[in-house]
Amino acid sequence: MSSLANKQILLGVTGGIAAYKSADLVRRLQDAGASVQVVMTPAAQEFITPLTMQALSGYPVHTQLLDPEAEAGMGHIQLARWADLVLIAPATADFMARLSQGMGNDLLTSICLATAAPIALVPAMNQGMWRNAATQANLDILIDRKIHIFGPADGGQACGDIGPGRMLEPLQIIALTSQLFTTGSLAGKKVVITAGPTREAIDPVRYISNYSSGKMGYALVQAAIEAGAQTVLISGPTQLAKPARAKCIDVTTAEEMYAASLQEAQDCDLFIAAAAVADYRPTELAPQKLKKGDSESITLTLIKNPDIVASVAALERKPFTVGFAAESEQLINYARAKLERKNLDLVIANNIAENHIGFNSDDNAVTVIDKNSTVEISQRSKQQLARELIACFAQKLASQL
Ligand code: C5P
């Protein structure tokens, strides 16, 4: 699977003749598995129509910052959060100037200011404009701010000049974009991740479960793969597509997840318990469907499930062990208590009282807690958050050795 699979790429198109190549770029990004939303500046719309980009991307094209209707749909902050990457192709000299000065005078610059995602620019302009000292000074500022610059290529230009300033070809852009999502920070490491809910059967047709979608765990799996880890996903039932480059073990109950986890954790370096495991299961599984009787209430007796992450943390060869704490009150206190009780190395705490994040949503905001520190990561997409968390785990793992 390409490292662009399931990535959400916001493609910014600014006003240069190379904008015609952006249409092909949308297609190529989609072929690599990414979803693409397009933002166009007014000048870009002089070169290529929003309708073309809408038809190719399958999304409405975003053009206005101060349009109440557009903001009521997906406004600049939502677009900034949606993006795993803001890719601007072509990027004109004027756009580079505005970005380097931190301006927010149109939709695209405002998104660039607001986003926590990486930004990549694919410059395209006349060779004289590229070589101009002002453009070069702006370029230095952008590079300093860790903005990725792809190209430009050298060669014949639309205006007849020859020199640097040609936009890279779509396939070259795809290759460089893919590299942004592979880090190598977990190369040679084995990572095991539990995800999704568990189901605890009551009778042949009923079960106890929870609302976990598995999205956070699956995003962590993808990020671990991108970081070069040999990755194992132990998943309860979810609607999500299985990642192609991980070993996937499907389980249903907490006991099955426990058995698979202890087996896989024996020789792993990093264990991440992102599953929402049912704490209890029915003491007995009714062999036949329970019939509705005359009585107004029935009693189910439940028994505690094994604590998977605590058992992994108790292994003689303990991996770096990370647990999640979904709490609706006293977030930090309860999460810290979990860290100690289960002997974890890190706890990722999220507040499920805020219903636009966490369980079953696309975004999350968390607090990373270890013995000595508490670090907050503000709201962003689960993919983006997963990459930041994996980078953080990789760094802690490396500093332990
Ligand atoms: O105790 P609590 O369920 O709140 O702890 C949450 C953390 O513990 C999560 O990381 C979850 O995956 C893990 N857990 C587990 N086995 C259980 C219960 C929770 O691994 N039986």
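The values are calculated or read from the model by the stated rules, or taken from the named source; none is laboratory data. From a predicted model like this one, the values you see are computed outputs, not experimental measurements. Cβ sites come from the backbone with ideal geometry, for glycine too, and all protein chains shown count toward neighbours. Accessible surface is based on the protein model in full, side chains and every heavy atom, while ligands, DNA and RNA are left aside. Shrake-Rupley method; radii C 1.70, N 1.55, O 1.52, S 1.80 Å.
At a 1.4 Å probe, what is the % contribution of carbon and sulfur to the accessible area of the chain?
Working: 9480 of 18750 Å².
That fraction is 51 percent.
A Gaussian network model of the chain, with springs between Cα atoms under 10 Å, assigns the largest mean-square fluctuation among Gln239, Gln127, Gln45 to Gln239. Counting only DSSP beta bridges with both residues in segment 2-180, the antiparallel share comes to about 20 percent.
If you place +1 on the Cβ of every Lys and Arg and -1 on the Cβ of every Asp and Glu, how big does the dipole about the Cα centre of the chain come out, in debye to the nearest 20? Intermediate values should be presented prior to the final figure.
Working: 34 positive and 39 negative charges, 143 e Å.
Computed charge dipole of the chain: roughly 680 debye.
For segment 2-180, the spread of Cα coordinates along the three principal axes comes to 43, 33, 30 Å, biggest extent given first.
In the elastic network of the chain, a GNM with C-alpha springs shorter than 10 Å, the most mobile of Ser311, Ser235, Ser297 is Ser297.
Most fluctuating residue of Ile162, Ile348, Ile332 in a GNM of the chain with Cα springs under 10 Å: which is it? Largest GNM mean-square fluctuation: Ile162.
The listed peptides 376-388, 218-230, ordered by packing as a protection proxy, come out as 218-230, 376-388 (highest mean of other Cβ atoms within 10 Å first). About its Cα centre, segment 190-400 has a charge dipole of approximately 320 debye under the convention of +1 per Lys or Arg Cβ and -1 per Asp or Glu Cβ, with nothing else charged. Among DSSP bridges having both ends in the chain, what percentage is antiparallel? Round to the nearest 5. DSSP beta bridges in the chain are roughly 30 percent antiparallel. For the chain, hydrophobic long helices are taken as DSSP H runs at least 18 Å long by C-alpha position along their axis with mean Kyte-Doolittle hydropathy of -1.0 or more; these are 19-31, 382-400.
On average, how much accessible surface per residue is there in the chain, in Å², for a 1.4 Å probe, leaving out ligands, DNA and RNA?
Accessible area per residue: 47 Å².
Using DSSP to call loops (not H, G, I, E or B), can you name the trypsin sites (Lys or Arg not before Pro) in segment 266-317 whose Cβ has at most 13 other Cβ atoms within 10 angstrom?
Values: sites: Lys289, Lys291, Lys292, Lys304, Arg317; in loops: Lys289, Lys291, Lys292, Arg317.
In loop regions of segment 266-317 (DSSP not H, G, I, E or B), the sparsely surrounded trypsin sites (Lys or Arg not before Pro) are Lys289, Lys291, Lys292, Arg317.
Only DSSP H runs of four or more residues enter the estimate; each adds -39500 (n - 2.57), and after division by the residues of the chain the mean residue ellipticity at 222 nm equals -10500 deg cm²/dmol.
Within the chain, the percentage of alpha carbon pairs spaced more than 38 angstrom apart rounds to 31%.
Listed cross-link partners Lys146/Lys189; Lys247/Lys396; Lys242/Lys382 are compared with a 20 Å cut-off, the Cα-Cα value being larger for Lys146/Lys189; Lys247/Lys396.
Given Cβ point charges of +1 (Lys, Arg) and -1 (Asp, Glu) and nothing else, what value in debye, to the nearest 20, does the dipole of segment 2-180 about its Cα centre take? Mind showing how you got there, number by number?
Numbers: 10 positive and 14 negative charges, 68 e Å.
Dipole magnitude for segment 2-180 comes out near 320 debye.
When the convex hull of its Cα atoms is viewed from all sides, segment 206-347 shows a mean projected area of 10.7 nm².
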